[in-house]
Amino acid sequence: MDTGSECGLKTNEEIIEELTKDLESSCIRVDENCSSAKKNGKSDDDSNDLPKETDKHMETNSKGDDSCKTQVPHDLDGNPPQDFVDEQLLKDREIGLTETEKQSLRDQAEKLKNQGNQLFKNEEYMEAISTYTEGIQTCPLAYAKERSILYANRAAAKSKCLEKESAIADCTKAIELNPTYTKVISRRGQLYKETEKLDNALEDFKTLSSLDPDNAEWRHEIRKLGQLIEERDEKLKIEMLGQLKDLGNMVLKPFGLSTNNFELEKNPESGGYSVKFKQNPS
């Protein structure tokens, strides 16, 4: 005799339904989060840029933000880092300069770049970084291409010092100044890949492929990164479903149930999951 409904108490079936009604939607949300969509142009390399053979392989590093901040960054002592470039200060400096004076500053920056390149070739990377920074601080803002090369070269030197995140920031600045700088887009893509920012890396190689559709190397990188992203997302999905299962077992245990009473079925078309209740799991 079913007296639970008459006394205002919930039946076992109602309790089970209430405890498990959100499990399906939770699983589907996990899938949606894991499959969310992932979301920059072609110019000849400057003859004064770093030689390609010195720039093919880069070691790995870890932390940071790949965007160029508008606010002034500071170290633990409250001082800006040595490689910080205050563009507002440069803008203010250039207000009263004549074109001849700007060209003179550009020529000085060119000499600093060449000095930095020689230091880079000699594997004196920290000195090269400082010299490129001086060049960036010297070169007028109007000379975007020259400044782009200086940032790109400094990024290459930073990567050799294991400053991957800072190198990414310099690549980003170089690309902002010269959106079709393919050498630097490729460099940043590799840096993203080495720091496990696979979605960002994929976007860079898609950009490269759009600039040069016949480049087989970039098409290969796109396929490889797509596979890596898919494997990563599937692994994350399994881990999150495992955590949900542990949570479900903790909630269901007082009722003599476990997640074994529920069967997850994957929809091959949508990739989502549905939940079915099993009274007597095997």
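The values are calculated or read from the model by the stated rules, or taken from the named source; none is laboratory data. The structure presented is a predicted model; accordingly, all values stated were derived computationally and were not measured. Note that we place each Cβ from the backbone using ideal geometry, even for glycine, and neighbour counts take in every protein chain shown. Heads up: the accessible areas ignore ligands, DNA and RNA and are worked out on the full protein's heavy atoms, side chains in. Shrake-Rupley method; radii C 1.70, N 1.55, O 1.52, S 1.80 Å.
Remarks
- Condition met for GLU87 (of a type in the set (D, E, K, R), open to solvent by 20 Å² or more (accessible area, probe 1.4 Å), more than 28 Å from the chain's Cα centre (by Cα) and within 14 Å of LEU150 (Cβ to Cβ)): no
- Taking every residue in segment 186-208 that is at positive phi and pairing it with any residue that is assigned to a helix (DSSP H, G or I), at least 6 positions away or on another chain, the pairs with Cβ-Cβ distances below 9 Å are GLU196/ARG232.
- Among (1) open to solvent by 30 Å² or more (accessible area, probe 1.4 Å); (2) part of a helix (DSSP H, G or I), the one test that ILE185 misses: (1)
- Residue within segment 202-212 that is hydroxyl-bearing (Ser, Thr, Tyr), in a loop (DSSP other than H, G, I, E, B) and open to solvent by less than 60 Å² (accessible area, probe 1.4 Å) present: no
- Candidates LEU247, LEU177 - the one that is of a type in the set (A, V, I, L, M, F, W, C) and either surrounded by 15 or more Cβ atoms within 10 Å (Cβ to Cβ) or at pLDDT 95 or above (or both): LEU177
- No other residue among ASP77, ASP83 is part of a loop (DSSP other than H, G, I, E, B), closer than 18 Å to ALA152 by Cα, modelled with pLDDT under 95 and not aromatic (Phe, Trp, Tyr) apart from ASP83.
- Search result, residues across segment 107-134 that are open to solvent by 70 Å² or more (accessible area, probe 1.4 Å) and among the basic types (Lys, Arg): LYS111, LYS121
- Scanning segment 135-148 for residues that are open to solvent by less than 10 Å² (accessible area, probe 1.4 Å) and either under 16 Å from LYS121 (Cβ atoms) or part of a helix (DSSP H, G or I) (or both) returns GLY135, ILE136, ARG147, SER148.
- Of the numbered criteria (1) surrounded by fewer than 20 Cβ atoms within 10 Å (Cβ to Cβ); (2) of a type in the set (A, V, I, L, M); (3) part of a helix (DSSP H, G or I), the one ALA152 fails is (1).
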